[in-house]
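Beneath this line is the structure, given in structure tokens, with notes to follow.
Just so you know, all these numbers are worked out from the coordinates, no wet-lab data involved. Everything numeric here is computed off the predicted structure, so don't read it as measured data. Glycine gets a Cβ as well: all are built from the backbone with ideal geometry, and neighbour counts include every protein chain shown.
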Amino acid sequence: MIAVGVPDSVTVANADLYFPVNHLQVNLMNEDFLAKNGDLLNDFFDLTSSSKLDYQQVWITTSHIPSEHTYLVEISFE
């Protein structure tokens, strides 16, 4: 898993849609997304401490945490 906090001062299109306030939004990425973004996802996967050699699914969790002035982005590999 990779977790990144982005300052909420960064302009994000449709922030209310992608970063719900104090709630988690979890999305399973489809095969098309994996194919189009494979190199980037592989780079992120290499940063994990996973004992797995590869992954089949990618889940992206997002949230807006106003008390921390942060947009949360978490990428999980299964």
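Could you tell me what % of all Cα pairs in region 9-78 have separations over 18 Å? Walk me through the intermediate numbers first.
Numbers: 1113 of 2415 pairs.
Percent of Cα pairs beyond 18 Å in region 9-78: 46.
So how do SER50, SER9 line up by other beta-carbon neighbours within 10 Å, fewest first?
Least crowded to most crowded, the residues run SER9, SER50.
Sort PHE44, PHE19 so that the residue with the fewest other Cβ atoms within 10 Å of its own Cβ comes first and the one with the most comes last. Each step should come with its number before you reach the end.
Numbers: PHE44 16, PHE19 20.
In increasing order of surrounding Cβ atoms, one gets PHE44, PHE19.
When the helix-only estimate is applied to the chain (DSSP H runs of n ≥ 4, each -39,500 (n - 2.57), divided by the residue count), what is the mean residue ellipticity at 222 nm, nearest 500 deg cm²/dmol?
Taking each H run of at least 4 residues, the total per residue is -5500 deg cm²/dmol.
Measuring from label point to label point, each 7 Å out along Cα→Cβ, what is the ALA3 to MET29 span in nm?
Going by the 7 Å Cα→Cβ label model, 1.9 nm.
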